[in-house]
Amino acid sequence: MRTITVAIRRSCAISALALIAQFSPRAHAALGEDVSAIANDQARLQASLQVRQNVRQNLHFAVHELSSPIGIKIREFVAESGRVFAVSWSGGWRPNLRDIMGEHYDRFIAGTRGRRMAHGPVRIDLPGMVVVMGGHQRAFFGHVYLTALVPADLALEDLQ
């Protein structure tokens, strides 16, 4: 009897995760891509967009913040060159990391293979890329950045 209950719970949990993945809003704020993709992200997420220009002593970049109606915020950090050098997120759902990381996603997955993921925030340092993420149900957060594209004088704390 107990084995059946455990199997039913496991089946329900797997079904719930599949539904969450299927209906989670998809974002295409892809790392390393051109700023022009942000308009598509805004339409796809039905999100409001705020753009903040950051100009500090030889440091010029913009933060494009998308706020979805269901409370997810995705911030794309855009260098003067027009390329997205970092993406951060926060909210009730973790965005699709394949969409966030774009062409860098497969490298991220390869870098996590065989690694034991701890509870709490996790930092994954890969050649040329850093991923930090954590959270729990309805309170996820994270950021990813390409080390070669981050402006030299930018404090990494500004990427959140």
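Would any residue of region 97-133 have its amide N under 15 Å from a label point 7 Å out along Cα→Cβ of ARG44? List them or say none. Label zone hits: 97-105. When Lys and Arg each count +1 and Asp and Glu each count -1, what net charge do the other residues less than 14 Å away from GLY92, Cβ to Cβ, add up to? The answer is +3. Taking the centroid of alpha carbons for each part, region 93-111 and region 116-160 are 12 Å apart. Taking a Cβ cut-off of under 15 Å around VAL35, the surrounding Lys, Arg, Asp and Glu residues balance to a net charge of -3, with basic ones at +1 and acidic ones at -1.
Read-outs throughout are calculated quantities, based only on the coordinates presented, and are distinct from any laboratory measurement. On a predicted model such as this, the values are computed, not experimentally measured, just so you know. Don't worry about glycine lacking a Cβ; one is built from the backbone with ideal geometry, like all the others, and counts go over all protein chains shown.
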